[in-house]
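> This is the structure I want to talk about, given as structure tokens.
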Amino acid sequence: MDIDFTENEIQRYARHILLAEVGGVGQAKLRAARVLVVGAGGLGCPLVLYLAAAGVGTIGIVDDDRVSLSNLQRQIAHATADIGAPKVVSAANAALAINPAVVVHPYDMRLSPENVDALLSGYDIVCDGTDNFAARYLLADACYLAGKILISAAVLRFEAQLSTFRPGGPCYRCLYPEAPPAGLVPSCSEAGVLGAVTGVAGTLQATEVLKEIIGIGTGLSGRLLLWDALEMSFRNVGFGRDPACALCGAHPRITDLSAHGY
Ligand SMILES: [Zn+2]
């Protein structure tokens, strides 16, 4: 790995390099890392900005949505002047304005069974910042089958959840075997969400991405972090591999994406 830095890089990342746990080697790992962020909304915006600021060398952003006025209460990478523009373009521009040295690949498309494998193939770590169960399960299944680390967050109203799914550890379906019936769990567009809650959740997600890349601390594999912003309380719930899991269990039902009705 290339651990030579320019004077400009040494200044930009000085507060990272000062940390014994990061140092020049950790910063070089960040520069070499490739992270895919799926969703350029409330979670994806802070994620992309902090990953770019941290010097993650290659960042992919997947979203087919356009910026609307109602997004701006929480999706901080988009500005009022961006209304109508593709979110991936707006988020990429915001990331590059912070750090022009990183490479950002905007994918103006909706995640689908047809494109997910190609999208994942160029990346080491994947972040779920989507807002619907169909995309969450598709991404979780595809990441497991491709052996990618998935760092997942979800928000609703005043609450957030966060976990990491690593190869060999419990998978998303060990935690949540199947999507809830349509209409049972409301979306943020139906039930609302406090803007800053998405910012904290996306920033926690970014923190876990940086830790995974550098290889420091204790990750969230096998742990679900639950945050209640109204009570301002954080809880950790442990979970293990489910031997009956449809994806990673002893007799998996899902062995490729075509096998589960996608
Ligand atoms: Zn599993």
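The values are calculated or read from the model by the stated rules, or taken from the named source; none is laboratory data. Here the structure is a predicted model, which is why all the values come from computation and not from measurement. Cβ placement follows ideal geometry from the backbone for every residue including glycine, while neighbour counts extend to all protein chains displayed. Quick note on the areas: whole protein, heavy atoms, side chains included, nothing else; ligands and nucleic acids left out. Shrake-Rupley method; radii C 1.70, N 1.55, O 1.52, S 1.80 Å.
> Compute from the Cα atoms of the range 145-218 the Rg and the Dmax, the latter being the longest Cα-Cα distance, and quote both in angstrom.
Rg and Dmax of the range 145-218, Cα atoms, are 14.1, 40 Å.
> Between the DSSP loop rule and a limit of at most 15 other Cβ atoms within 10 Å, which GluC sites (Glu not before Pro) in the range 179-245 are left?
Passing sites in the range 179-245 are Glu231.
> What does the C-alpha gyration tensor say about the overall shape of the range 126-255? Classify as rounded when a/c is under 1.5, otherwise prolate if a/b is larger than b/c, or oblate.
oblate
> Magnitude of the Cβ-charge dipole of the chain, K/R +1 and D/E -1, about the Cα centre, nearest 20 debye?
Computed charge dipole of the chain: roughly 340 debye.
> If you take the beta carbon distance between Val103 and Leu226 as r and set R0 to 35 Å, what does 1/(1 + (r/R0)^6) give as a FRET efficiency, to the nearest 0.05?
FRET efficiency, Val103 to Leu226: 0.50.
> Let me ask another. Specify whether the C-alpha gyration tensor of the range 179-262 places it in the rounded, prolate or oblate class, a ≥ b ≥ c being the square roots of the eigenvalues: rounded for a/c under 1.5, otherwise prolate if a/b is larger than b/c and oblate if not.
Oblate, since a/c reaches 1.5 and b/c is not below a/b.
> Run the reach check for Lys29 against aspartates and glutamates, Cα to Cα strictly under 19 Å, same-chain hits fewer than 8 apart removed. What comes back?
Answer for Lys29, where 19 Å is the Cα cut-off: Asp2, Asp4, Glu7, Glu9, Glu21, Asp124, Glu208, Glu212, listed by chain and number.
> For the pair Ser187/Ala134, report the inter-label distance in nm, with labels modelled 7 Å from Cα in the Cβ direction.
Between Ser187 and Ala134, the label points sit 0.9 nm apart.
> Same structure again: Which sequence of Tyr137, Tyr107 reflects their accessible areas, 1.4 Å probe, from the largest down?
Tyr107, Tyr137
> What do you get for GluC sites (Glu not before Pro) in the range 1-81 restricted to DSSP loop and a cutoff of at most 13 other Cβ within 10 Å of the site's Cβ?
Qualifying residues, ordered by number: Glu21.
> A follow-up question, please. Where Rh is the Kirkwood radius over the Cα pairs of the range 1-136, the temperature 37 °C and the viscosity 0.692 mPa s, what D in µm²/s does Stokes-Einstein return?
213 µm²/s
> Give the separation of the Cα centroids, the range 61-106 to the range 184-262, in Å.
Spelled out, the Cα-based centre of one part sits 24 Å from the other.
> Only Cα pairs within less than 10 Å get springs; with that Gaussian network setup on the chain, which residue of Cys245, Cys174, Cys188 has the largest fluctuation?
Looking only at Cys245, Cys174, Cys188, the largest GNM fluctuation is found for Cys188.
> Arranged from highest to lowest average of other beta-carbon atoms within 10 Å per residue, in what order do the peptides 53-59, 34-40, 121-127, 78-84 appear?
Descending mean neighbour count gives 34-40, 53-59, 121-127, 78-84.
> Using Cα-Cα distances under 8 Å and only pairs 6 or more residues apart, what relative contact order does the chain have, in percent?
Answer for the chain is 18 percent.
> Could you tell me what percent of the DSSP beta bridges with both partners in the chain are antiparallel, to the nearest 5?
45 percent
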